[in-house]
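Trainee: If you scroll down you'll find the structure; I have some questions about it.
The values are calculated or read from the model by the stated rules, or taken from the named source; none is laboratory data. If you're wondering where the values come from, they're calculated on a predicted model, not measured in any experiment. Backbone-built Cβ (ideal geometry, glycine too); neighbour counts: all protein chains shown. Ligands, DNA and RNA are excluded from the accessible area calculation, which covers all protein heavy atoms including side chains. Shrake-Rupley method; radii C 1.70, N 1.55, O 1.52, S 1.80 Å.
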Amino acid sequence: MNPAGRGLLVMASSSPHVRLIGIVILTSKAYTHMKVFITRRLLGLDEYIAQYGLGTAEIDIWEGSLPPSYEELVRRSKGCDGVLTVLTEKIDAAYMDAAATLKVISQCAVGVNNIDLKAATERGIPVGNTPGVLTEATADIAFALLISAARHIVAGTEYIKADKWKTWDPLLLLGQQVWGATLGIIGYGRIGKAMAKRGKGFNMRVLAYSRTLTAEEAANDGVEAASMDEVLREADFVSLHTPLTKDTHHLISTRELQLMKPNAILINTARGEVVDPAALYAVLKQEPTKIAALDVTEPEPMPADHPLLTLPNCLIVPHLGSATNQTRREMTRLAVANLAAGLRGEPLLHRAN
Ligand code: NAP
Ligand code: GLV
């Protein structure tokens, strides 16, 4: 990809090195006197700042391992032309009014539920995000949670560490068969489809629900379009892949959890708030053969004394969906590219509003 997004010097030389240096010099000037706040140290950040010619901008990077407070976020963003955010930052209308000179908000994530998109649009601020590059890594962790929960991987490790492994036991930690089971996808978008492909690789029947999914589109992918209730009733594994919106907030609550099969496993790699945590606790406690495997939680981070963590049938990991070296670097690259394009007043590579 051409990091600069323009090609005036391209014709001047056939050497790719001369061309790249030319492009960077040309576009670097575009960022002189510009101010940017980056709310977290990201993998490959310095490299991509240089690659996209942003080195001439005044760049302020939050180096804390915990996110800046809202007050600090506002303070550091005032007078900035651009901000590069992650999903822990609350980017609301009041923030945008305080940081009134912003030309672009670039989020290093695909989910943008932490950003008031309507407020950004009303203020003419483009919001960038990083779809696609994290699809496979996130589907990988969803499938890893599925197998781990089905086959008691974590419980098995804990069993050995507790010095309980005395013999091969024909009845020890019996789990659910994954091969040939029924997988239900709620939110059949990029990650939902990638999850469906993994299910098909395991010879699964795949049921999918999305508001606009047609039977024909589903059939083309070798999956079956179903209503949400059909997915919940028929699937052995239900995997959530919707964005968090007003419509999907607590989409899965008591009724939905009770509709699920007695041995069903719920996997959530979408957003914690898509599942009602109080309802989940109550149903998992009442029906111990049901299992939840969560990459995302409400609240997030989840405190160590949260009731869900007391349940043996609830497996939780700390929001690791996109957490591979390769994917996190690609996310950084895309977020920096969106930032650079927005600072130049050019179309973002991926715009969420
Ligand atoms: P996407 O391609 O936009 O897919 C989302 C799908 O959800 C769409 O197909 C949409 O289809 C469907 N949907 C939206 N509202 C719905 C509703 N009310 N009921 C049922 N389906 C609904 O997005 P993606 O790239 O797959 O990402 C999905 C989400 O995953 C992100 O928004 C993010 O929150 C989460 N995520 C988490 C991690 C992680 O680290 N755990 C990593 C990446 C992404 P219709 O419009 O047809 O309904
Ligand atoms: C991660 O959760 C993302 O939305 O990219």
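Trainee: Hey, among 104, 127, 36, 83, which residue is within 15 Å of ligand 2 (Cβ to nearest atom), over 23 Å from residue 325 (Cβ atoms) and open to solvent by less than 20 Å² (accessible area, probe 1.4 Å)? Lay out the reasoning, then the answer.
Mentor: Details: 104 fails: within 15 Å of ligand 2 (Cβ to nearest atom); 36 fails: within 15 Å of ligand 2 (Cβ to nearest atom); 83 fails: within 15 Å of ligand 2 (Cβ to nearest atom).
Going through 104, 127, 36, 83 in turn, just one is within 15 Å of ligand 2 (Cβ to nearest atom), over 23 Å from residue 325 (Cβ atoms) and open to solvent by less than 20 Å² (accessible area, probe 1.4 Å): 127.
Trainee: So, one more: Could you list, in sequence order, the residues of the range 295-353 that are farther than 20 Å from residue 115 by Cα and open to solvent by less than 10 Å² (accessible area, probe 1.4 Å)?
Mentor: Selection gives 295, 308.
Trainee: Can you name the residue in the range 208-230 that is within 24 Å of residue 134 (Cβ to Cβ) and surrounded by 15 or more Cβ atoms within 10 Å (Cβ to Cβ) and, of all such residues, is nearest to ligand 2 (Cβ to nearest atom)?
Mentor: 210
Trainee: Look through 250, 319 and report the one residue that is farther than 30 Å from residue 42 by Cβ and under 18 Å from the mean Cα position of the chain (by Cα).
Mentor: 250
Trainee: Can you give me the number of residues within the range 231-245 that are surrounded by fewer than 24 Cβ atoms within 10 Å (Cβ to Cβ) and farther than 28 Å from residue 130 by Cβ?
Mentor: Of the residues in that region, 3 qualify.
Trainee: Looking for something of a type outside the set (Lys, Arg), at pLDDT below 95 and under 23 Å from the mean Cα position of the chain (by Cα) - is there at least one such residue anywhere in the range 3-10?
Mentor: Within the range 3-10, the first condition is being of a type outside the set (Lys, Arg), and the residues that meet it are 3-5, 7-10.
Checking which are at pLDDT below 95 leaves us with 3-5, 7-10.
Now narrow it down to the ones that are under 23 Å from the mean Cα position of the chain (by Cα): none.
No, the range 3-10 contains no residue that is of a type outside the set (Lys, Arg), at pLDDT below 95 and under 23 Å from the mean Cα position of the chain (by Cα).
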